[in-house]
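Q: Quick one: this structure, given as structure tokens, is what I'll be asking you about.
The values are calculated or read from the model by the stated rules, or taken from the named source; none is laboratory data. Predicted model only: the values in this text are computed from it and were never measured. Here Cβ is always computed from backbone atoms with ideal geometry, including for glycine, and neighbour counts include all displayed protein chains. Heads up: the accessible areas ignore ligands, DNA and RNA and are worked out on the full protein's heavy atoms, side chains in. Shrake-Rupley method; radii C 1.70, N 1.55, O 1.52, S 1.80 Å.
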Amino acid sequence: MMIAGVVCACGQRASQTEGKDTADSTAAIVGQDSLMADAGNVVAVETVKFEKDDSTAEVSLLVQWPVSGDKVIVDSLRKHICWLLDGEFDGPKDIQTYGQSLFESLSADWHDVYDEMEPDDRFGAFSKTHEITKMVETDRYITYFYRTHVYSGGAHGFTTEVGFTFRKSDGKQIPLLTNTDSPKLSALIKEGVRRHFSDDADHPLSDEELLEYLFAEEVGSLNHIPLPGNPPYLSETGVVFNYTQYEIGPYSSGIIIFEIPFQDIRPFLMPEALELIRK
């Protein structure tokens with residue numbers, strides 16, 4: 001499954017960070033957590049945190065590692081976390097070790113780039129953030145949310161946000177949508193994008209105003225906004241669509257995200273997806 005890169009509006013990093021003191025690392029396992037305590041097949045997690053920074057590198061990790069539950073879904077989630085972090089992890093301590101290694105690698109990269117430069121020509125510390133958290137869990141599916149931010153010099157960094165829904169019975173990710181060329185689905189997507197940019201629900205943007213936030217070439221027509229490159233995912237109440245920055249709009253438009261409620265998008269869900277949300 002593709003994860004598209006996104007540019008984050010973090011602004012230009014000031015070179016004054018070059019002079020700040022080195023901070024000690026913080027690595028902690030924060031007790032077990034559950035987002036659905038009343039379910040018999042709940043997946044319990046441990047929230048693992050690692051933070052370390054100095055004038056050359058900044059690393060922040062927050063990973064909700066599955067520790068108990070049905071083996072099929074627990075193994076699937078663990079495998080996916082390893083894939084997202086591009087490593088092999090048997091548990092929280094391995095993630096902390098990964099954080100330290102990542103910090104040392106970023107710091108070395110910073111020195112390679114900036115050691116020969118004048119201090120005033122340097123940007124800030126190189127940084128990387130990974131957040132992998134359990135977003136929602138029912139007795140049939142679980143959705144994890146992944147956010148990562150990378151800064152390696154220049155005016156701003158890159159952020160990726162994406163959700164992944166897993167069927168608990170077999171640990172698989174399944175396609176959610178069908179009839180994706182339907183004009184009715186296109187209309188739902190158009191209104192979802194409009195809601196994202198409309199600060200006042202009672203006074204939504206006109207079509208002309210909405211187009212100012214989007215790339216005309218990529219969108220083509222507001223009635224035919226393409227599906228996001230990253231597949232949608234399930235919340236508790238609907239299907240979430242997440243457009244990465246630059247996908248259908250300029251940098252200033254940010255990450256475009258909205259939810260279409262189940263009652264509206266039900267005609268466009270695959271049978272397997274309908275089974276997950278049946279009452």
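Q: Starting from the coordinates of the alpha-carbon atoms of region 54-148, obtain the Kirkwood hydrodynamic radius over all distinct pairs and give the value in Å to one decimal.
A: Values: mean 1/r = 0.0659 Å⁻¹.
Evaluated over region 54-148, this radius sits at 15.2 Å.
Q: Right, another one. Which order do 134, 172 take when ranked by solvent-accessible area (1.4 Å probe, heavy atoms of all protein chains), largest first?
A: Accessible-area ranking of 134, 172, largest first: 172, 134.
Q: Also: Could you order peptides 92-101, 67-76 by the average number of other Cβ atoms within 10 Å of their residues, highest first?
A: Answer by packing, highest mean first, reads 92-101, 67-76.
Q: Any lysines with Cα under 18 Å of the residue 168 Cα? List them, leaving off those in the same chain fewer than 8 positions away.
A: The reachable lysines, counting only those whose Cα sits under 18 Å from residue 168, are 71, 79, 134, 279.
Q: Among 179, 242, 230, which one moves the most in a GNM of the chain with springs linking Cα atoms closer than 10 Å?
A: Evaluated over the chain, the most mobile residue of the options is 179.
Q: In addition: P(r) tail for the chain, what percent of Cα pairs lie past 36 Å? Kindly include the intermediate steps, with their values, before the conclusion.
A: Numbers: 9685 of 38781 pairs.
It works out to 25 percent of all Cα pairs.
Q: On average, how much area does the Cα convex hull of region 53-98 cover when viewed from any direction, in nm²? Can you show the working numbers first?
A: Numbers: hull surface 14.2 nm².
Taking the Cα atoms of region 53-98, their convex hull projects to 3.5 nm² on average.
Q: With a 1.4 Å probe and every protein chain left in place, work out the accessible area per residue of the chain in Å², rounded to a whole number.
A: Dividing the accessible area of the chain by its residue count gives 50 Å².
Q: Follow-up. Probe radius 1.4 Å, ligands and nucleic acids ignored: give me the carbon and sulfur share of the accessible area of region 177-226 as a rounded percent.
A: Of all accessible area on region 177-226, carbon and sulfur atoms account for 48 percent.
Q: Write down the Å³ per residue value for the convex hull defined by the alpha carbon atoms of region 111-246.
A: Measuring per residue, one finds 176 Å³ for the Cα hull of region 111-246.
Q: Grab the alpha carbons of region 75-119, take their convex hull, and tell me the volume per residue in Å³.
A: 73
Q: So if the hydrodynamic radius of region 189-279 is defined as the Kirkwood radius over C-alpha pairs, what does Stokes-Einstein give as its diffusion coefficient at 4 °C and 1.567 mPa s, in µm² per second?
A: 92
Q: State the Cα centre-to-centre distance between region 60-87 and region 144-170 in whole Å.
A: 14
Q: When the C-alpha atoms of region 114-192 are aligned to their principal axes, what extent does each axis show, in angstrom, from largest down?
A: 57, 33, 16
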